[in-house]
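Q: Would you mind keeping the following structure in view while I ask a few things?
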Amino acid sequence: MKKSTYEKPIISKITTGVPGKFGLSTKQKIIAEIDSIPVAKFVEEFGSPVFVFSEKKIRETYNDAKRAFETRYPKVQFAWSYKTNYLDAVCSIFHDEGAWAEVVSGFEFEKALSLGVNGANILYNGPEKSKQDLMLAIDHNASIHIDHFDELYLLIETTRKMNKKARVAIRINLDAGIYPMWDRFGFNYENGEAWNAINRIMLAENLELIGLHTHIGTYIMTASAYGIAASKLSNLMIATHRKFDYWLKYIDLGGGFASKNTLKGAYMPGSETCPSFDDYAEAISNAIISSEIPHENLPVLFLETGRALIDDAGYLITSVLANKRSTTGRKTLVIDAGVNLLFTSFWYNLGVFPSREVTDFMEDTTIYGPLCMNIDVVREAINFPQIKTGDQLVIERVGAYNVTQWMQFITYRPNVVLIDLEGKTHIIRKKENLETIKKNEFNPKK
Amino acid sequence: MQISEEIKISDNGFVFNSRTGESFSLNPMGLEMIKMIAIDNGFDEIRESILEKYDVDELAFEKDFYEFLAMLKHHQLTQQGNPLDFV
Amino acid sequence: MAKQKITLAVTGLNNTDNPGPGVPVIRGVKDSEEFDVRVVGLVYENLEPGIYMEGLCDRIFQVPYPSAGSEELIERIEHIHQQEKIDVLIPNFDSELFSFMKYEKRLAEKGIRTFLPTLKQFQEREKDKLPEYGKKYGVKVPNGLNLGNLSQLNEIEKRFDYPIMVKGQFYDAYKSFNIEQATQAFHKIASKWGLPVIVQEFVSGTEVNVVALGDGNGNTVAAVPMRKQYITDKGKAWGGITIADEKMLELTRSLIQKTKWKGGMELELIKTNAGDYYLVEINPRIPAWVYLAVGAGQNIPEALIKLALGMEVKPMTDYKIGKMFVRYSYDMIVDLERFATISINKEI
């Protein structure tokens, strides 16, 4: 006789009246495979935990964004935001799709060059650019986005010494009606600082001002804020033309488009409230096209979208190390990936899903990482089914920032795997070993 | 381990503690086990019966069973002794 | 004429001291001379009083909070629909509206009709956009300032005289008399409801409200103005009286006409001693005191059902002036069994 399916016995207290989000057993979403490859197979081949990227998803998302903008605006150019994910394999896919490079440090600049990106196709952002970095950028004819007056004067001095011209844009901060307003980067629009900077640059003989750049913030859920930013940059472009009879070549609206992740403290899931590429594109294109800039002088629109292009394409597969009960009786799970690999878990309620069928009974659960530190919490509270120790879970939407901000703390960083368009898997960053860590260490006592 | 007298268990999995006024819900397996515990079945009897009926191995059952007992104790559904009385 | 049989699903059966509108909405439709209504109560919690009220609901189902994902909420309702065949659904919580607006079409295709504001109407009335709203539609609103960070608190003293109102985007309001109190209120609100925190000039006067229904084409189908007679410490009316205030009705009709408001709404206004009306808030749904309007002669829940069903509704302009409502609390004696059933089976 065939035996019945077993389920772990559970008793839970019925909470009364108090509004809570849990209690109803709902259908649990399962992620059993990624691009048709079973989750267990990745662990078998590459160990646990393991980051998995889908080339298919990257290209689909990129083309979705591209379509949204190109159908609304005549000149659009994406620049891949290196800081979001600078794994060679990932950058190469974006460059293959036609994206330029957007870098914020000398290291990222070198990395872009090493991937064969033409220096003229690099946008160089950020508040930290040393004299050497600037010389490298000038030599490669990159677009240098100036952040502050000290940098402007350093650049004037450097170009003089090198007796070379630099192509520059300025970073502008402005009030686009969002909170908090980022005013620490760039020159302010409202108080006239940006206009002063433009005037100074137009007079500098070795600087060629070609664009205006802003980056209004991160994870912006209101598309209309981009519209406000775009019209303010358009105003500056028109003012520059009036005074100097010269049309700037581009407007760069930076990044900050939200991904579908859910921010902590948000009431509704991000997948429902986050604007689509079409919403952003509509707001931005409308603002520029309806400005006073004549059609033939419309600037190229640059976008440095990072998060929204890569978050969905990255997964982290992890295994359950232990099922525990806290002293309050609360269910807790310990998994083999923690905040060391999931920097974004500090601000998102990341989606964690079982990789195989589970029973209906759900419990309010806390998911801990494997570190011996109290802050290592992947999810404070998630309504979660019963999972056996040793089973795999899949954490979705981890493609942005995690593989650049991860920490090498008490253990090796894991394999990163790419599934190509044919469904073949490739290690794109090898799991670290003792040698990776020790090769830069020197021990004077030995 | 004995279930306290004042605990009422309904067939739909609703558990009511008439002394404290608290109520609890059981999943079907929890209901089956608590009923066996309530009629004074020991660990061995319950294990035998569950292993015979369900597709589960001995160790997995043991782990779950003791966790379940701990939860019953946590929710004060069992007759409580002194926790440091190791007998 | 035989009454038309319909099945109505309603949320918000939380008739507590901060009541949801579900129970009064049901009372309204039960008074209807045109509909014979079968009521399906949708609850989020097992202690919502409506679950235990005799003769209120024919069936009760627990549903998941929209914050668990709209998809799950909608799927649960579609599942209930298979058994109960819901004709009209009236959601009564602000926090649900986004989900129901988003899935309005999908529900309609299944035969579940709603009558909700559009997303644009819903969003442009949000608290932090009130000044623009006032300007756009020609209504007086209190001067306001949205604070993105604490340093902007300095702006307050340049722009306002004390006292001021410090408010959260979704809920909560504190009256502050100095910068210290305002700072405290800012911290409390920012940690709970996020940024921006809204500062409004305090307009002193009488709190008056209008419950109204717009047909989506600019017509006001119903509107009843009320003056709050007693306000609880939660800021809710405990007693109110219908008043003959043509100016308030004029303001309501003009706003509904300009915005083409669709669905139920509540306008919260302050009438100053000088006789000016300031719009403080627009609630995008029927308020909990709607039964006063029914008692005064305008059955707004019934009219909303008709609009949802695509029936013609003649605008109601008459109502009895000087009708009052007085809320009361009442201890029902109920059996544990009902509590056990909703907790375990999630339906009764």
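Q: Give me the Kirkwood hydrodynamic radius of chain A, using the inverse of the mean 1/r over all pairs of distinct Cα atoms, in Å to one decimal.
A: Working: mean 1/r = 0.0416 Å⁻¹.
Its Kirkwood hydrodynamic radius stands at 24.0 Å.
Q: Per residue of region C:55-65, in order, report the coupling 6.51 cos²θ - 1.76 cosθ + 1.60 (Karplus, θ = phi - 60°) as ³J(HN,Hα) in whole Hz, putting x for Gly and Pro.
A: x, 7, 10, 7, 9, 9, 10, 8, 10, x, 4
Q: Would you mind classifying the protein assembly as shown by shape? Square roots of the alpha carbon gyration tensor eigenvalues, ordered a ≥ b ≥ c; an a/c under 1.5 is rounded, otherwise it is prolate if a/b is larger than b/c and oblate if not.
A: Working: a/c = 2.12, a/b = 1.15, b/c = 1.84.
Note, shape of the protein assembly as shown comes out oblate.
Q: Also: What does the highest-first list of C:313-320, C:30-37 look like by mean Cβ count within 10 Å?
A: My ranking of the peptides, most packed first, is C:30-37, C:313-320.
Q: Now, a different point. Within 10 Å of each Cβ in peptide B:43-54, how many partner chain Cβ atoms are there on average? Round it to a whole number, please. If you can, show how the numbers build up before the last one.
A: Details: counts 0, 0, 0, 0, 0, 0, 0, 2, 2, 2, 4, 5.
Rounded to a whole number, the mean comes out at 1.
Q: Between chains B and A, what is the buried accessible area summed over both chains (1.4 Å probe, protein heavy atoms, nearest 100 Å²)? Working shown, then result.
A: Working: alone 6180 and 21340 Å², together 25380 Å².
In total, this chain pair buries about 2100 Å².
Q: Which of A:Thr359, C:Gly263, C:Phe202 sits closest to the plus end of the dipole of the protein assembly as shown, meaning its Cα is farthest towards the positive end, when Lys and Arg get +1 and Asp and Glu get -1 on the C-beta?
A: C:Phe202
Q: Using the crude model of +1 on Lys and Arg Cβ and -1 on Asp and Glu Cβ, and no other charge, please compute the dipole size for chain A relative to its Cα centre, in debye to 20.
A: On the way: 51 positive and 53 negative charges, 270 e Å.
About 1300 debye.
Q: Can you pick out the pairs among A:Lys388/C:Lys105; A:Lys29/C:Lys105; A:Lys75/C:Lys136 whose Cα atoms lie more than 32 Å from each other?
A: Details: A:Lys388/C:Lys105 40 Å; A:Lys29/C:Lys105 24 Å; A:Lys75/C:Lys136 34 Å.
Listed pairs above 32 Å: A:Lys388/C:Lys105; A:Lys75/C:Lys136.
Q: Show which aspartates and glutamates lie in cross-link reach of C:Lys127 when reach means a straight Cα distance below 18 angstrom and same-chain residues fewer than eight apart are skipped.
A: C:Asp94, C:Glu96, C:Asp172, C:Glu201, C:Glu207, C:Glu266, C:Glu268, C:Glu281
Q: Using a 1.4 angstrom probe with every protein chain in place, what is the largest-first accessible-area order of C:Asp245, A:Asp150?
A: Numbers: C:Asp245 20, A:Asp150 125 Å².
Descending order: A:Asp150, C:Asp245.
Q: Could you pull out the pairs from C:Lys3/C:Lys30; C:Lys30/C:Lys260; A:Lys161/A:Lys243; A:Lys83/A:Lys249; C:Lys236/C:Lys323; C:Lys135/C:Lys258 whose alpha carbons sit more than 20 Å apart here?
A: Where the Cα-Cα span goes over 20 Å, the pairs concerned are C:Lys30/C:Lys260; A:Lys161/A:Lys243; A:Lys83/A:Lys249.
Q: Rounded to two decimals, what is the ratio between the C-alpha radius of gyration of region C:201-348 and 2.2 N^0.38 Å? Spell out each step's value before the answer.
A: Numbers: Rg = 17.7 Å, N = 148, 2.2 N^0.38 = 14.7 Å.
In units of the globular-protein estimate, region C:201-348 measures up at 1.21.
Q: How large is the accessible surface per residue of region A:55-311, computed with a 1.4 Å probe and reported in Å² as a whole number?
A: Values: 9830 Å² over 257 residues.
Normalised by residue count, the accessible surface of region A:55-311 is 38 Å².
Q: Return the calculated 222 nm mean residue ellipticity for chain B, to the nearest 500 deg cm²/dmol, obtained by summing -39500 (n - 2.57) across DSSP H runs with n ≥ 4 and dividing by the residue count. It would help to have the intermediate numbers written out before the result.
A: Working: 3 runs with 39 residues, N = 87.
So the helix-based figure for chain B works out to -14000 deg cm²/dmol.
Q: If you don't mind, another one. Please work out the FRET efficiency for the pair B:Glu22 and C:Glu75, using the Cβ-Cβ distance as r and a Förster radius of 35 Å; give the result to the nearest 0.05. If you can, show how the numbers build up before the last one.
A: On the way: r = 31 Å, r/R0 = 0.89.
Calculated transfer efficiency: 0.65.
Q: If you don't mind, another one. Just for the Cα atoms in region C:143-201, what are the lengths along the principal axes, largest first, rounded to whole Å?
A: The Cα atoms of region C:143-201 stretch 25, 20, 19 Å along the principal axes, largest first.
Q: Using Cα atoms only, what is the angle between the long axis of helix C:246-259 and the major principal axis of chain C, expressed in degrees (0 to 90) to the nearest 10?
A: 80
Q: Follow-up. Suppose R0 equals 22 Å. What FRET efficiency, 1/(1 + (r/R0)^6) with r the Cβ-Cβ distance, do A:Asn443 and A:Glu110 give to the nearest 0.05? Spell out each step's value before the answer.
A: Details: r = 29 Å, r/R0 = 1.31.
Approximately 0.15, to the nearest 0.05.
Q: On to the next question. Could you list, bin by bin from short to long, the percent of Cα-Cα pairs of chain C in 20 Å steps?
A: 29, 58, 13, 0
Q: About the Cα centre, and with charges only on the beta carbon of Lys, Arg (+1) and Asp, Glu (-1), how big is the dipole of chain C? Nearest 20 debye, please.
A: Working: 44 positive and 46 negative charges, 154 e Å.
Around 740 debye, computed over chain C.
Q: Using the Cα centre of region C:189-299 as the reference point, and only Cβ charges (+1 on K/R, -1 on D/E), how large is the resulting charge dipole? Debye, rounded to the nearest 20. Please list the in-between numbers first.
A: Numbers: 12 positive and 11 negative charges, 56 e Å.
Computed about the Cα centre, the dipole is about 280 debye.
Q: In terms of solvent-accessible area of protein heavy atoms at a 1.4 angstrom probe, what is the ranking of A:Asp364, C:Asp128, highest value first? Walk me through the numbers before you get to the answer.
A: Working: A:Asp364 50, C:Asp128 30 Å².
The ranking, largest first, comes out as A:Asp364, C:Asp128.
Q: Just to compare against my own numbers: the Cα pair-distance distribution for chain B, 10 Å bins, whole % per bin, please.
A: 16, 50, 30, 5
Q: Continuing with the same structure: Ignoring ligands, DNA and RNA, what accessible area per residue does region C:143-201 give at 1.4 Å, in Å²?
A: Numbers: 3140 Å² over 59 residues.
Accessible area per residue, region C:143-201: 53 Å².
Q: Still on this structure, please answer the following. What is the helix-to-structure angle for C:70-84, meaning the angle in degrees between its Cα long axis and the longest Cα principal axis of chain C, kept from 0 to 90 and rounded to the nearest 10?
A: 30
Q: Rounded to the nearest 10 degrees, what's the angle between the helix C:336-345 long axis and the longest principal axis of chain C, both from Cα atoms, 0 to 90?
A: It is inclined by approximately 90 degrees.
Q: Under 23 Å Cα-Cα from B:Lys8, which lysines qualify once same-chain neighbours fewer than 8 residues away are excluded?
A: Leaving aside lysines fewer than 8 places away in the same chain, those within reach of B:Lys8 are A:Lys8, A:Lys13, B:Lys35, B:Lys73, C:Lys346.
Q: In addition: Could you give the distance between the Cα centres of region C:245-308 and region A:289-352, to the whole Å?
A: With region C:245-308 and region A:289-352 each reduced to a Cα centre, they are spaced 43 Å.
Q: Another question, then. Under 5 Å between amide H atoms, partner at least 5 residues away or on a different chain: which partners does C:Gln229 have, H built in plane at 1.01 Å?
A: Under 5 Å from the amide H of C:Gln229 lie the amide H atoms of C:Trp238, C:Gly239, C:Gly240, C:Ile241, each far enough along the sequence or on another chain.
Q: Could you give the nm distance between label points at C:Ile333 and A:Glu60, where each point is 7 Å from its Cα heading toward the beta carbon?
A: Going from the C:Ile333 label point to the A:Glu60 one covers 6.2 nm.
Q: Put +1 on the Cβ of every Lys and Arg and -1 on every Asp and Glu Cβ in region B:7-74; which of B:Phe61, B:Ile50, B:Met29 then has its Cα farthest towards the positive end of the dipole?
A: Result: B:Met29.
Q: Something else: Translational D (Stokes-Einstein, µm²/s) of region A:84-195 at 37 °C and 0.692 mPa s when Rh comes from the Kirkwood sum over C-alpha pairs? Show your work: numbers first, answer last.
A: Details: Rh = 15.0 Å.
So the translational diffusion coefficient is about 219 µm²/s.
Q: Name the residue farthest towards the positive end of the dipole of region A:55-311 from the options A:Leu248, A:Ser285, A:Val103, assuming +1 on Cβ of Lys and Arg, -1 on Cβ of Asp and Glu, about the Cα centre.
A: Final value for the positive-end residue is A:Leu248.
The values are calculated or read from the model by the stated rules, or taken from the named source; none is laboratory data. Here the structure is a predicted model, which means the values were calculated and not measured. We place every Cβ from the backbone using ideal geometry, glycine too, and count neighbours over all the protein chains shown. With ligands, DNA and RNA removed, areas are computed over all heavy atoms of the protein, side chains included. Shrake-Rupley method; radii C 1.70, N 1.55, O 1.52, S 1.80 Å.
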